[in-house]
Structures are given as structure tokens and as C-alpha cells.
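Everything on this sheet refers to the single structure shown next.
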Amino acid sequence: MEHIELFFKSIFIDNMVFATFLGMCSYLAVSKKVSTAVGLGAAVIFVLAITVPLNWLLDQYILQEGALSWLGEEYASYDLSFLSFIMFIATIATMVQLVEIVVEKFSPSLYNSLGIFLPLIAVNCAILGGSLFMQSREIPTLGLATTYGIGSGIGWFLAILAIAAIREKIRYSNVPPALRGLGITFIITGLMAIGFMSFGGMLTGGDEASKEEKTVAVEKHEGSKENENITLSAVETSEDKVIANNIKSK
Amino acid sequence: MGLLSRKDSKLILDPLADDNPITIQVLGICSALAITAQLKASIVMAVSVLFVLGAGNVVISLIRNIIPSKIRIIVQLTVVAALVIIVDQVLKAFSYQLSKELGAFIGLIITNCIIMGRFEAFALGNGPWRSFLDGIGNALGYGVILIIVGFFRELLGSGTLLGFKVLGDPIAKTGLYSIGYENNGFMLLAPMALIVVGVIIWVQRTRNKALIED
């Protein structure tokens, strides 16, 4: 149940593109044709499914505070978490290179069709973002980390597939000249993001109890910030919603 | 720009408008959108990128002749990651609350494509001083968009700027609120960032027809 919940949550509610804007550069650059979009989307799912669990292991057994205690008592007080950026990006770069070699060896045709996009994945923020969110949301088990990686990958795939299909069709419509290309893509993405926000109630079903919990968390957050009337966590869109509700009720 | 030659000042001025990294080169969008609900966060992000890009460009430019081209991506990533760790630690030390709010997005500067893009396109082929100027220029171009988006989202969304009440008191109905304005909470939500950037692009291309795509 936990797995299913996290899976759908990472696809729809915390969608990489629409909720946290990760991987926007390649999302905008590669979404002109459906066929290339599918290739890149599949590669992102694959790399996320490998790197998130790998980085979970790294985080759990090397980087976290006290994670080194398996080495012996004297290492238990070490906190290497400041190294996580470098470790994560190293894992990602290595995995991308490995995937590239394997794909080239076993499926040269796929390798040729992906071309430049494979190495580009190393600098796609969705990949690093997946690992960093995995760390900051404190995902408890390896299995859940894998689910999270695959789910976020599918969410990203879904987003780029949808925008590529829309962009293929929008060529035939009469967009104001100054908005053509990039401008209209941004606005469509914004509209799609509004649509995806409606998935927010999917898992709670508008259940008051779970909303209550979130509000409390936000209040704690605000309390620590003295009297500032509005605090915003850019990462947690669900908090954004609660805050927006508060504002409206004021 | 008396200090700089015309060619050098072009390096700084071009990215501010006609070669803007976000609206023209389409780089570094992710962080530009995600943290702009508040002006303060936008400014901190802009300054962080200014530091990382300026310093990173100089470092890469200094070692450009000794990097083997095959492993240059990994070398570049390591340089950026080291600089970002500095930014992250400084933020944690001096403004812990803000570093919590920015969360994973400071770490995501590493994969900000502006940085890799400038390393690849400029620092690998130019001297340190010019690379520094180029880095500063592009980071400023990025920062300008961030600050514009942050300004409008915070002003229209919560009626404040940098946490100070600007539009009056929404509860006592003073200022703009007395004539019936309501805070538009929607501006604080994720999708509006995209639409605001879309509108900025629209305005920019209406003013400069040469930028219009076919």
C-alpha cells in the first residue's frame, strides 16, 4: 500500500515538471517531436530508477550523521552530509556513462537515436533532484526509494510526452508572433500545471485529518520564523496550497 | 563603462537583455521557477548563482589547457559541486531558515544548465578575466529574470516585498485593499511562475521583433 501511494504521489501530485520544475531545460529543448521526447523520457526513467536507490544506499551508509557506525564505534559521530552533492553527482555521472556504454554495446540503433541526449541526462536537474528530494523527504527503505525513483521518472516521461504532443499540434494554430515557440510553451506548461494541481486531493480524497496534519506542520514552521506573516517552502507545494488557503480565508 | 573596453562590456550587457540565459538561451529554468514565490529567496538564489558562475568560470578557464577533453564534464561537475558546497555551508551558517526554505534547490545549482553551458561555450576557450566577466554577465541576466518574477509573485500574491507590507494591511483594509484588492493566492502557487515567465518572454519579444521564433 505504501508503495502504491508513493508511486502515484510521485507521478501525479509531486510531478517533477509541474510541481517542482525539475528538468525544465531538457523538457523545453527536446519536446519539439514526440519521438525524441519518448526516447529521452525512457532514458530518464531508467537512470532515475538506478541512481535514486544507489544514492539512498550512499546516504544511508556513508553520508548521514552517524551512518558510518557500521565501521566501528569511533566513526559513529561523523557527519559527512555536506559531501552529498559531490557524491550524488559522481554516482549520476558514472551511471550515465555506464548506461551509455551498455546501450552502445547491446543496442546500437537505440544508442544512435538517443545520440546527444544520453550524456545530457547527467546534467538534467530531474536526476539530481530525485536524489536530493529522496534525501530531504527521508524515504525510509530501499524499496520505497526505488519506487520513488521509478515513479518520478514516469511522471517526467508523462509530462514531456504530453507537451511534445501539444507542440506538434500547435504548429497549425495561430499563435501571436511574439509568443511563438518558447513563450507559448511556458504558458501551456503553466496551464498543465494547474491541471495537475487537481491531483492534489487524489490520495487524501479531501480527507480532513491529513490536511489538519499538514497545517500543523506549516504553523510550526511559521512559529520558528517569528512574526513573518507568510512563509513559503518552494519545495512543498502542498504547503503552498495550505498557505494560499490561509490567505484566502484572511 | 569606462573601466572596461567595449568588447568586454558587451560580455556583461548582452546577457542582460538580448541574449538572456533564461528567455533566449532557455537555460537554467528549473531553479528560476521553483524558488520565486518570495523576493528574498529569488535574490539569495541570484547571488548564489553569481558567485558559483563567476568563480567557476575563472577556475575552468585557468585549468582549461590541462583538462583532458574526455573527462571534462566530470571535472566541470566537480568544480561546480565544490563551489555549491561552499554556498550551501555559508547559507546554513548565516541564514539557516532561508537555507531550509530553498531546500534542495541550492544543490540543484550544480545541474543548472547555465553553468555547464557557460563552461562549455565560453570558459573552455577564453582567458580568466573575460570568462569572469562572461560569468558575471550571464548570472546577472539570470538574476534579473528571477527578481522580476519574484517581485510580481510576492507583490500580487501576498502584498508584501521582502516581507514588508506594501499594499497596505489586508485585515484592516488600508492601502490598495481599501479599494477592494484581494491577495491573489494563486500567484504563490507553482503554475503562475511559468505563466509569469511566459509573459516576460512575450513582452520581451514584442519589444524586440528580431527575437521572434518562426
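The values are calculated or read from the model by the stated rules, or taken from the named source; none is laboratory data. The shown structure was predicted, so the numbers you read here are calculated from the model rather than taken from an experiment. Backbone-built Cβ (ideal geometry, glycine too); neighbour counts: all protein chains shown. For the accessible areas, the whole protein counts, side chains as well, though only heavy atoms, and no ligand, DNA or RNA atoms are used. Shrake-Rupley method; radii C 1.70, N 1.55, O 1.52, S 1.80 Å.
Could we say that B:Lys7 is of a type outside the set (Val, Ile, Thr), open to solvent by 50 Å² or more (accessible area, probe 1.4 Å) and modelled with pLDDT of 80 or more here? Even if it seems obvious, please write down each step before you answer.
Values: of a type outside the set (Val, Ile, Thr): yes; open to solvent by 50 Å² or more (accessible area, probe 1.4 Å): yes; modelled with pLDDT of 80 or more: no.
No: the conditions fail for B:Lys7.
Of the residues A:Val47, A:Val30, A:Val34, A:Val17, only one is open to solvent by 20 Å² or more (accessible area, probe 1.4 Å) and modelled with pLDDT under 90; which?
After applying the criteria, what remains is A:Val34.
Hey, could you check the range B:47-64 for residues that are hydrophobic (A, V, I, L, M, F, W, C) and buried (at least 23 other Cβ atoms within 10 Å of the Cβ) and say which is nearest to the other protein chains (Cβ to nearest Cβ)?
Among them, the one singled out is B:Val52.
Which of the residues belonging to the range B:197-214 are within 7 Å of chain A (Cβ to nearest Cβ) and either within 24 Å of B:Ala37 (Cβ to Cβ) or of a type in the set (Ser, Thr, Tyr) (or both)?
Matches in the range B:197-214: B:Val197, B:Gly198, B:Ile201, B:Trp202, B:Thr206.
Output the qualifying pairs, or none if there are none: Cβ atoms under 7 angstrom, residues six or more apart or on different chains, first residue in the range A:168-183 and within 14 Å of another protein chain (Cβ to nearest Cβ), second residue of a type in the set (Phe, Trp, Tyr) and not in a loop (DSSP other than H, G, I, E, B).
Short answer, once both residue conditions are applied: A:Ala178/B:Trp202; A:Leu179/B:Trp202; A:Gly183/B:Trp202.
Of all residues in the range A:95-106, count the ones that are at pLDDT below 85 and either acidic (Asp, Glu) or open to solvent by 40 Å² or more (accessible area, probe 1.4 Å) (or both).
Count: 7.
Let me confirm something: among B:Leu155, B:Leu194, B:Leu176, which residue is away from every other protein chain (no Cβ under 13 Å), at pLDDT below 90 and either assigned to a helix (DSSP H, G or I) or open to solvent by 20 Å² or more (accessible area, probe 1.4 Å) (or both)?
Details: B:Leu155 fails: away from every other protein chain (no Cβ under 13 Å); B:Leu194 fails: away from every other protein chain (no Cβ under 13 Å).
Only one candidate passes the filter, namely B:Leu176.
I'm checking my understanding of the structure. Among residues of the range B:158-173 that are modelled with pLDDT under 80 and among the aliphatic types (A, V, I, L, M), which one is least open to solvent (accessible area, probe 1.4 Å)?
Among them, the one singled out is B:Ala172.
Does B:Ile67 meet the test of being under 19 Å from B:Asp134 (Cβ atoms), without any contact (Cβ under 8 Å) to a residue 60 or more places away in the chain, more than 14 Å from chain A (Cβ to nearest Cβ) and open to solvent by less than 40 Å² (accessible area, probe 1.4 Å)?
Against the criterion (under 19 Å from B:Asp134 (Cβ atoms), without any contact (Cβ under 8 Å) to a residue 60 or more places away in the chain, more than 14 Å from chain A (Cβ to nearest Cβ) and open to solvent by less than 40 Å² (accessible area, probe 1.4 Å)), B:Ile67 qualifies.
Listed residues A:Gly41, A:Gly66, A:Gly23, A:Gly72; which is under 30 Å from A:Gly200 (Cα atoms), away from chain B (no Cβ under 14 Å), of a type outside the set (Asp, Glu) and open to solvent by less than 40 Å² (accessible area, probe 1.4 Å)? First the steps, then the outcome.
On the way: A:Gly66 fails: under 30 Å from A:Gly200 (Cα atoms); A:Gly23 fails: away from chain B (no Cβ under 14 Å); A:Gly72 fails: under 30 Å from A:Gly200 (Cα atoms).
Checking each option against the conditions leaves just A:Gly41.
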